[in-house]
1. Could you figure out which of (1) free of Cβ contacts under 8 Å to residues at least 40 places away in the same chain; (2) within 23 Å of residue 65 (Cα to Cα) isn't true of residue 227?
2. Does the range 180-195 include one or more residues that are assigned to a helix (DSSP H, G or I), touching a residue at least 40 places away in the same chain (Cβ under 8 Å) and within 15 Å of the ligand (Cβ to nearest atom)?
3. Restricting attention to the range 114-123, which residues are surrounded by fewer than 14 Cβ atoms within 10 Å (Cβ to Cβ) and under 15 Å from residue 80 (Cα atoms)?
4. Out of 111, 79, which single residue is exposed (fewer than 13 other Cβ atoms within 10 Å of the Cβ) and farther than 21 Å from residue 204 by Cβ?
5. Filter the range 81-98 down to residues that are assigned to a loop (DSSP other than H, G, I, E, B) and under 24 Å from residue 135 (Cα atoms) and give me whichever is farthest from the ligand (Cβ to nearest atom).
6. Does at least one position in the range 88-107 carry a residue that is surrounded by 18 or more Cβ atoms within 10 Å (Cβ to Cβ), touching a residue at least 40 places away in the same chain (Cβ under 8 Å) and more than 26 Å from residue 139 (Cβ to Cβ)?
7. Look through 175, 147 and report the one residue that is under 18 Å from residue 106 (Cβ atoms) and assigned to a loop (DSSP other than H, G, I, E, B).
8. May I ask you to verify whether residue 214 is within 15 Å of the ligand (Cβ to nearest atom), within 29 Å of residue 10 (Cα to Cα), out of contact with any strand residue (DSSP E or B) (no Cβ under 9 Å at 6 or more places or on another chain) and not in a strand (DSSP E or B)?
Ligand code: PXP
């Protein structure tokens, strides 16, 4: 089982003070790899509210595992991806103003547009995942248009929707039987991940918010101690 660590919210903290150079998402990516991440994931949103093009360009240079960029079918973003060539692109829907991705890409509505994007990305040697609901009809379309993998939305499971774990299990089995690589993600945290991680067909989970949130907690004591030591040292500082 591979763990893709989504570092978007490191950039969210940076952008909360727009213009400051920290925290640096690239540094977080390297630390995540030191901790065992098998891949680094970022979402280039149309409003560029956290991750920017420059982050992705540097990540592509320095990430030692693989770089996965979540992106909508927006033409400008697709052009950028063709240029920077991350290892994977995960096609997701995007509604302006949404707090986070709200569901899988509805391929029944955008099949042709998605097919063109998949063709162009694959021509450049980029592997393509499509973020989908656990729905056989959508997964069949993903296979038909040439995706390498599907990422099954675990968001509704995370919200506690009854029957959703079974739907994810069935969808994972179906996708694998179609020859698709099966990934999962959204809303997973330390208390709900195990049932999903135990689904045998799922080979990769992409997890972001809960890991960044936990990193703040496990790092707080040290961060305060470092600042406190500076304050104490300042008393001895010779003006
Ligand atoms: N997978 C996809 C397709 C996503 O859009 C996101 C959120 O950017 C994630 C996984 C990670 O979700 P979370 O931050 O809730 O772990």
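1. Unmet for residue 227, out of (1) free of Cβ contacts under 8 Å to residues at least 40 places away in the same chain; (2) within 23 Å of residue 65 (Cα to Cα): (2).
2. No, the range 180-195 contains no residue that is assigned to a helix (DSSP H, G or I), touching a residue at least 40 places away in the same chain (Cβ under 8 Å) and within 15 Å of the ligand (Cβ to nearest atom).
3. Result: 123, single match.
4. 79
5. Taking the candidates together, the pick is 95.
6. Among the residues of the range 88-107, not one is surrounded by 18 or more Cβ atoms within 10 Å (Cβ to Cβ), touching a residue at least 40 places away in the same chain (Cβ under 8 Å) and more than 26 Å from residue 139 (Cβ to Cβ), which makes the answer no.
7. After ruling out the rest, the residue left standing is 147.
8. yes
The values are calculated or read from the model by the stated rules, or taken from the named source; none is laboratory data. What you see is a predicted model; the values in this text were computed from it and never measured. Please note: Cβ atoms are built from the backbone with ideal geometry, for glycine as well, and neighbour counts cover all protein chains shown.
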